[in-house]
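Each remark here refers to the structure printed beneath this line.
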Amino acid sequence: MEKLKRYLVFFIGLYINSFGVAMITKAALGTSPISSIPYVLSLQFPFSLGEFTIFFSLFLILLQLLILRRNFHLEHLLQIPISILFGYFIDISMVLLNFVNPELYLMKIVYLLIGGLILGFGVYTEVLADVAMLPGESFVRAIVTVWHTEFGITKVCFDASMTIIAAVLSVIFFHQLNGVREGTIIAALLVGFIARSFGRILSFLEPKLFPAQEADSSETAPVSGIPSVITIDRQYGSGGREIGKKLAERLGYKFFDNEIIQMTAGSTGFSPDFVQKNDEAMSNRLLYNLAAQMYSYAPNTPSPKDAIFEGESQIIRALARGGNCVIMGRCADYILKDDFPCFRVFLQAPSDYRIQRIADTEHLSKDKAAAKIRQMNRKRADYYHYYTHRLWGIAGNYHLTLDTSLGTDYVLNSITHGFWQYQEMAFSNEND
């Protein structure tokens, strides 16, 4: 029954996708990269955009067969009826949008953006269904499988090559650019970004549409009882790591910080250096979304940074299940908030204190120390907000926020007493 539901969602997404392609095409500023070659051919030869989309899709399926060879399975043939249906969906949508013929450039931009929004939602819906891929994305997956390239980079190269080929054909046929214009570039930049944004905004939808099978394993069950995990977020330069380590020693708990990097490297296949570079840091959320958008087209193919976050999340849950530990940063407070009772702490300090501390420990001038602190805290805040949708360091996210400039002993005593009080409350609630 769930499989049927997934296919229903997929075909709904397929039509939404086709409607978005038609809307972008009717905007007359160029069409999406994957449709650019069929569209240019449809302008020259007596076949519709939908029909050329079918021909081109069948060509891509043939290329997959040649690339994959023995790894080409019967399930890949499902792309054939999907391609035929998608092509006719496009033609139907073009007829339905026959009234759309914008003349003003501003209106063309408006229709282009509306089409991009629709196409992005269609891509999101198809990925949500997670049952099949269109030939374009499946062709990219075939290249990735055989030559072990990165999906995102390969998808960018594929889209760019489609656009270039369409432009060359246009110049050959018409001696000018027809069907490949600024709208093609805008669609390439925006559609994956929009699909990815829908995936984040509507993340609650998948478990409602496709509830997971009830698991008997204790690994999936929420942990109740007396809290035995402390998570610590900290401003850069506040001395949070040193305090977290001393706290773990005082309580006889295990301490996890950089150890999580090594564990994540082992579980994801990335090198420790690569994990560390992408750990708890987001240079620019908008630029990252634009760079990672190509992964929106393929189910179960997260971007490297997303894969690292998911790997760290699984490790943090496993560590919390073992109990008696202090976990530093990495959105652990958010990751554990629903299934694990934990004591959440945020450590901060006045700017002057942090600048002096970093200047002393890292042998930097105060100006360079201040610049590094701003950069590191901005990256941590952006990373936290990107994956949790919450503001980093806001008191409401934590049980306790402390100023580390008041002294290490004071901070350790405050956390210890607060944690014991939290445990007593949990014990009382459990016995009421």
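In table form, for the structure just shown:
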{"quantity": "All helices (runs of 4 or more DSSP H) inside the range 199-298 with 2 or more residues being at pLDDT 85 or above and buried (at least 16 other Cβ atoms within 10 Å of the Cβ)", "calculated": "240-251, 258-268, 272-278"}
{"quantity": "Qualifying residue in the range 88-95 (condition: more than 24 Å from residue 182 (Cβ to Cβ), in contact (Cβ under 8 Å) with a residue 60 or more places away in the chain and either crowded, with 16+ Cβ neighbours inside 10 Å or more than 31 Å from the chain's Cα centre (by Cα) (or both))", "calculated": "yes"}
{"quantity": "When residues of the range 390-405 are limited to those that are polar (S, T, N, Q) and within 30 Å of the chain's Cα centre (by Cα), the one farthest from residue 350 (Cα to Cα)", "calculated": "397"}
{"quantity": "Members of the range 170-198 that are in a helix (DSSP H, G or I) and among the basic types (Lys, Arg)", "calculated": "196"}
{"quantity": "Evaluation of residue 6 against (1) of a type outside the set (S, T, N, Q); (2) closer than 30 Å to residue 210 by Cβ; (3) at pLDDT 95 or above (one fails), failing number", "calculated": "(3)"}
{"quantity": "Members of the range 299-340 that are crowded, with 21+ Cβ neighbours inside 10 Å, among the small types (Gly, Ala, Ser) and either closer than 14 Å to residue 261 by Cβ or out of contact with any helix residue (DSSP H, G or I) (no Cβ under 9 Å at 6 or more places or on another chain) (or both)", "calculated": "311, 329, 332"}
{"quantity": "Residue among 154, 149, 125 that is assigned by TED's automatic domain parsing to the domain that holds residue 191, surrounded by 18 or more Cβ atoms within 10 Å (Cβ to Cβ) and without any contact (Cβ under 8 Å) to a residue 40 or more places away in the chain", "calculated": "154"}
{"quantity": "Near pairs, Cβ below 8 angstrom, 6+ apart or cross-chain, from the range 417-428 (over 13 Å from residue 399 (Cα atoms)) to any residue that is buried (at least 16 other Cβ atoms within 10 Å of the Cβ)", "calculated": "426/227; 426/341"}
{"quantity": "Residue in the range 359-378 that is of a type outside the set (S, T, N, Q) and either under 19 Å from residue 253 (Cβ atoms) or touching a strand residue (DSSP E or B) at 6+ places or on another chain (Cβ under 9 Å) (or both) present", "calculated": "no"}
{"quantity": "Cross-chain or 6+ apart pairs with Cβ under 7 Å, the range 367-390 first and assigned by TED's automatic domain parsing to the domain that holds residue 330, then of a type in the set (Gly, Ala, Ser) and crowded, with 16+ Cβ neighbours inside 10 Å", "calculated": "369/359; 373/237"}
{"quantity": "Residue in the range 345-365 that is among the polar types (S, T, N, Q), more than 20 Å from residue 408 (Cα to Cα), in the same structural domain as residue 410 (by TED's automatic domain parsing) and in a helix (DSSP H, G or I) present", "calculated": "no"}
{"quantity": "Total residues in the range 46-84, condition assigned to a helix (DSSP H, G or I), closer than 18 Å to residue 23 by Cα and not acidic (Asp, Glu)", "calculated": "4"}
{"quantity": "Condition met for residue 387 (touching an Asp or Glu at 6+ places or on another chain (Cβ under 7 Å), in a helix (DSSP H, G or I) and more than 22 Å from residue 246 (Cα to Cα))", "calculated": "no"}
{"quantity": "Residue match in the range 375-389 (condition: within 36 Å of the chain's Cα centre (by Cα) and on the phi > 0 side of the Ramachandran plot)", "calculated": "yes"}
{"quantity": "Filter pass, residue 369 being under 34 Å from the mean Cα position of the chain (by Cα), within 18 Å of residue 245 (Cβ to Cβ) and buried (at least 19 other Cβ atoms within 10 Å of the Cβ)", "calculated": "no"}
{"quantity": "Residue in the range 19-42 that is touching a Pro at 6+ places or on another chain (Cβ under 9 Å), in a helix (DSSP H, G or I) and at pLDDT 95 or above present", "calculated": "yes"}
{"quantity": "Hits in the range 26-50 - residues which are within 19 Å of residue 84 (Cα to Cα) and among the hydroxyl-bearing types (Ser, Thr, Tyr)", "calculated": "32, 35, 36, 39, 42, 48"}
{"quantity": "Given (1) over 13 Å from residue 195 (Cα atoms); (2) aliphatic (A, V, I, L, M); (3) part of a helix (DSSP H, G or I), index of the condition residue 128 fails", "calculated": "(1)"}
{"quantity": "Qualifying residue in the range 26-49 (condition: more than 25 Å from residue 177 (Cα to Cα), among the polar types (S, T, N, Q), touching a residue at least 24 places away in the same chain (Cβ under 8 Å) and touching a Phe, Trp or Tyr at 6+ places or on another chain (Cβ under 7 Å))", "calculated": "no"}
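The values are calculated or read from the model by the stated rules, or taken from the named source; none is laboratory data. Values in this document were obtained by computation on a predicted structure and should not be read as measured data. For neighbour counting, all protein chains shown are included, and Cβ atoms are generated from backbone atoms with ideal geometry for every residue, glycine included.
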